[in-house]
Amino acid sequence: MRYSRDIRALISHSMRENAVLVAVVLLHLAVAVLLARHYHFHVALDWSVQLPLFITCYLLLLVPAYFWMLARHRPARPIRFTTELLKRWRPHERLVVALPALVALGVFISAFGSLKSAIPRMEPYHLDPLFSHMDTAIHGEAPWRLLQPILGHPLFSFILNGAYELWMAVFYLALCAVAIWVDELELRRRFLHPATRLPASARREQQSERGPGDGAGDESQQERPTFVVDFVMHGSSSAPPPVRLETVR
């Protein structure tokens, strides 16, 4: 019975924390679908790329941290240490909280890519020749000709291409890291949906004005589980203590 309550609380917590992001993405998707019907293009929601990328990023966050903990503590009983570590990190609960955000972000990225590809259908690039002439007027000749002696070398082309690919990797890794960052929910909200910053700030100001003894019935004062504690462990013990349910402030 208690396990069932914990599962319901976890799902409810996940829905509450991701509601704004999901609503914004659904609105964006609806606009993309309406534009697609009007301008006759297809909105492709391709999960064959997005989902494996997010799963890979999730593993890249957890697996290196796990081996770092093994190297740091060098436990005499690795299996028991791993069990206690999983109890403290609770990766399955992180995944439940992060899953709606990752799905929504995948939908947003796919819909955004479809809209970007459809720009010529909605508004042809009739200003490109003007911008090209402006570049030539400002620089004296086409800018790519000025950069070609430096960036045209195969080594520099390889470095630029690698930097672009690295940026994409960092982009997906950051999204996944913030999605599973349930230890600092306010910072998570600021990253994923800045629109919630004002209500949260106003709520904190109201609480500070009422004082610590006046908000016993407020939702923020009620005990709600954070589910997972620090992702980066601390302390010198060979095995971390189990997680405690704490109050989300």
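The values are calculated or read from the model by the stated rules, or taken from the named source; none is laboratory data. Values in this document were obtained by computation on a predicted structure and should not be read as measured data. Methodologically, a virtual Cβ is constructed for each residue, glycine included, from the backbone with ideal geometry; neighbour enumeration extends over all protein chains shown.
Structure summary
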item	result
Subset of the stretch 11-40 (residues that are closer than 27 Å to TRP167 by Cβ and either in contact (Cβ under 8 Å) with a residue 24 or more places away in the chain or aromatic (Phe, Trp, Tyr) (or both))	ASN18, VAL20, LEU21, VAL22, VAL24, VAL25, HIS28, LEU29, ALA32
Qualifying position, being of a type in the set (A, V, I, L, M), closer than 26 Å to ALA19 by Cα and in contact with a Cys (Cβ under 8 Å, 6 or more places away or on another chain), among ALA111, ALA98	ALA98
Residues that are under 24 Å from LEU105 (Cα atoms) and touching a residue at least 24 places away in the same chain (Cβ under 8 Å), drawn from the stretch 57-83	CYS57, TYR58, LEU60, LEU61, LEU62
TYR125 being within 28 Å of ARG88 (Cβ to Cβ), hydroxyl-bearing (Ser, Thr, Tyr) and within 34 Å of the chain's Cα centre (by Cα)	no
Among (1) over 31 Å from the mean Cα position of the chain (by Cα); (2) farther than 30 Å from ILE7 by Cα; (3) modelled with pLDDT of 90 or more; (4) surrounded by 12 or more Cβ atoms within 10 Å (Cβ to Cβ), the one test that LEU151 misses	(3)
Pairs, first surrounded by 12 or more Cβ atoms within 10 Å (Cβ to Cβ) in the stretch 117-144, second modelled with pLDDT of 90 or more and charged (D, E, K, R), C-beta under 6 Å, six or more apart	PRO143/ASP135
All positions within the stretch 40-52 that are touching a Leu at 6+ places or on another chain (Cβ under 9 Å) and either in a helix (DSSP H, G or I) or farther than 20 Å from MET122 by Cα (or both)	GLN50, LEU51
Of all residues making up the stretch 21-56, the number that are under 14 Å from the mean Cα position of the chain (by Cα), surrounded by 16 or more Cβ atoms within 10 Å (Cβ to Cβ) and among the hydrophobic types (A, V, I, L, M, F, W, C)	5
